[in-house]
Amino acid sequence: MSGFLGMDTDAARGHADQLVAASGRLGDLLDDLDATVGAVDWQGPDADSFREHWGSTRQTAVPLGDELRAAAQALGAQADEQDQVSSGDDDGGGGFLDWLGDVGSGFLDWLGDVGSTVIDAIGDGLSWIGDRAGEFWNGFVDYLGTAWGNIQELWRSASGLVWNTLEAIVTGDWPRLISTLAGVVDVAADVVNTAFHLLTGYDLHLFDDGTGYADHPVPVADGDGRFGAPANLAEIMDNSVASYGPKDTGEISMSVVGGDPPTGVIVNIPGTEPWSPFAGDNPLDLSGNVAQAGPNGWSAGSQATGDAIRQLYADNNIPPGTPLMLNGHSQGGMVATSLAANPDFMSEFNVTNVMTFGSPVDNYAVPSDVHVINIQHAADLVPRLDAEGQGLQLVPGLDPSGIREGLANHNFGSGNTTTVTLPNRGPIWDLGANHDGGGYVQSVSDQLAIPTSQLAELQRDPSLIPFLTSDDTQVQHYTAELHREN
């Protein structure tokens, strides 16, 4: 019986190769996980415990790789011996040796399957440990990031309130009433947010105004009838009322008047939309109201509106010197006035006019070369929340005017502001009717129909010429969504 083999040596060597490959896979897996664990920037008792547990797990797995390589070497040696015996042995006994070879081959098949299963199980277990460690670390990083953000927000609100108090001491005036009340609410909410998150890991976002930003402005389609040509002050106001939209997302509209280049740009800002104290994506909400009325006089809504204006100018190559009019209802008027009172924003754009209706804006210091019209119904309480910008004097007889000029964040009103008080739209106790944006539009329209009215006279001011046109073809309207990140 020529060429008799006691075992299938090719199969044996194949199994030996599988064992070597499995040993290599195990080694690579252990090295990768070792590098992953070592790369995590994690300090503390939990980190030390996890690394110690990983070290012992790795040491347990290493000998298995050595045993697999040793078994592969032994199997290769037996295959070599079998080849030598088979090549020189041609006598009987082949039946027993065939049976012995079949048994050995079956055993090696089983050993290879078991080894592969064990390696896969170890790999899955180590991968699970790595995934859990990564999830824990990512969650811990998120926790620290949120905690730091809450602390920064607390510092912002607290420093504004402290500055408001120091300003009162320096100037001899009481802090402005609405600024102080809003500042106290803001600080208290930030303390609650910080403490609740540190204890539970959950962020309430209570009056958490955060940072505002805007999407790119998009042109309004010709068939969209929400916005009309700014033929007069009432039509401009109506475009602000038409900008009210879904409560979960803020939106403003912007009207570019004239050809190329345009003669003027009008920004239309709606008032408060969501009234929940828990801040969401829409920056024109109750949280924005509190921040806007507070000592800093600024909010995520102001920031997002400024971002939308910058993108409109950049996307359409509008010259920065183009006359800009800011117009808003209620909180929208506060946002408009805060932009006009912001030196950085004013250094970028040529703001010539501001118009507000139903807005408490007397605490903002707008430059005297900006024409400001503040419109209010006689019984609308909202525009009077600012107490007309007045404060009680702490030191009788002290003239703080010289000191005020040196303050970087003062709120003492504008030198070119006209306040127009109109008849109520409803009974004195009907707060909704007297604050309604549509009611203001109708009141102003009625006044403009009287040539001798105060508003009719104000509308004839030359500063408004770049913005007024009844020709729809000379106006392109845009909308931009506003967002908050907190």
With at pLDDT 70 or above, part of a helix (DSSP H, G or I) and out of contact with any strand residue (DSSP E or B) (no Cβ under 9 Å at 6 or more places or on another chain) as the only criterion, which of G160, G130, G139 stands out?
G160
Considering the stretch 311-332 alone, what residues qualify as being under 13 Å from Y478 (Cβ atoms) and in a helix (DSSP H, G or I)?
Q311, L312, Y313, A314, D315
Do you know which residues across the stretch 261-272 are in contact with a strand residue (DSSP E or B) (Cβ under 9 Å, 6 or more places away or on another chain) and either surrounded by fewer than 24 Cβ atoms within 10 Å (Cβ to Cβ) or within 22 Å of L468 (Cα to Cα) (or both)?
P262, T263, G264, V265, I266, V267, N268, I269, P270
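Okay, residues lined up against (1) closer than 30 Å to H216 by Cα; (2) part of a loop (DSSP other than H, G, I, E, B); (3) touching a His at 6+ places or on another chain (Cβ under 9 Å); (4) modelled with pLDDT of 95 or more:
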{"residue": "L407", "(1), (2), (3), (4)": "no, yes, no, no"}
{"residue": "G413", "(1), (2), (3), (4)": "no, yes, no, no"}
{"residue": "I428", "(1), (2), (3), (4)": "no, yes, no, no"}
{"residue": "G432", "(1), (2), (3), (4)": "no, no, no, no"}
{"residue": "V444", "(1), (2), (3), (4)": "no, no, no, yes"}
{"residue": "T452", "(1), (2), (3), (4)": "no, yes, no, yes"}
{"residue": "S463", "(1), (2), (3), (4)": "yes, no, yes, yes"}
What about D307, is it farther than 20 Å from Y364 by Cα, out of contact with any strand residue (DSSP E or B) (no Cβ under 9 Å at 6 or more places or on another chain) and either in a loop (DSSP other than H, G, I, E, B) or not β-branched (V, I, T) (or both)?
no
Test: residue in the stretch 477-485 that is open to solvent by 60 Å² or more (accessible area, probe 1.4 Å) and among the basic types (K, R):
no
If you go through the stretch 345-374 one residue at a time, how many are of a type in the set (D, E, K, R) and at pLDDT 95 or above?
1
Looking at G321, G301, which one is surrounded by fewer than 21 Cβ atoms within 10 Å (Cβ to Cβ) and either in contact with a strand residue (DSSP E or B) (Cβ under 7 Å, 6 or more places away or on another chain) or of a type in the set (V, I, T) (or both)?
G321
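Per-residue answers, yes or no, for (1) farther than 30 Å from N138 by Cβ; (2) more than 28 Å from the chain's Cα centre (by Cα); (3) among the charged types (D, E, K, R):
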{"position": "V187", "(1), (2), (3)": "yes, no, no"}
{"position": "L198", "(1), (2), (3)": "no, no, no"}
{"position": "D203", "(1), (2), (3)": "no, no, yes"}
{"position": "G225", "(1), (2), (3)": "yes, yes, no"}
{"position": "A229", "(1), (2), (3)": "yes, yes, no"}
{"position": "N232", "(1), (2), (3)": "yes, yes, no"}
{"position": "S255", "(1), (2), (3)": "yes, no, no"}
Of the residues in the stretch 273-288, how many are assigned to a loop (DSSP other than H, G, I, E, B) and either in contact with a strand residue (DSSP E or B) (Cβ under 8 Å, 6 or more places away or on another chain) or buried (at least 24 other Cβ atoms within 10 Å of the Cβ) (or both)?
9
Among A229, A221, A234, which is closer than 29 Å to D471 by Cβ, open to solvent by less than 20 Å² (accessible area, probe 1.4 Å) and either of a type outside the set (A, V, I, L, M, F, W, C) or part of a loop (DSSP other than H, G, I, E, B) (or both)?
A229
Among (1) modelled with pLDDT of 70 or more; (2) loosely packed, with under 15 Cβ neighbours inside 10 Å, where does I169 come up short?
(1)
Quick check, is V366 without any contact (Cβ under 8 Å) to a residue 40 or more places away in the chain and either open to solvent by less than 30 Å² (accessible area, probe 1.4 Å) or over 29 Å from V187 (Cβ atoms) (or both)?
no
Give me the pairs, please: first residue somewhere in the stretch 292-303 and in contact (Cβ under 8 Å) with a residue 40 or more places away in the chain, second residue anywhere and assigned to a loop (DSSP other than H, G, I, E, B) and surrounded by fewer than 24 Cβ atoms within 10 Å (Cβ to Cβ), beta-carbon distance under 6 Å, and either six or more positions apart or on two chains.
A300/G210
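The values are calculated or read from the model by the stated rules, or taken from the named source; none is laboratory data. Since the structure is predicted, the reported quantities are computational estimates derived from the model, not experimental observations. For neighbour counting, all protein chains shown are included, and Cβ atoms are generated from backbone atoms with ideal geometry for every residue, glycine included. Ligands, DNA and RNA are excluded from the accessible area calculation, which covers all protein heavy atoms including side chains. Shrake-Rupley method; radii C 1.70, N 1.55, O 1.52, S 1.80 Å.
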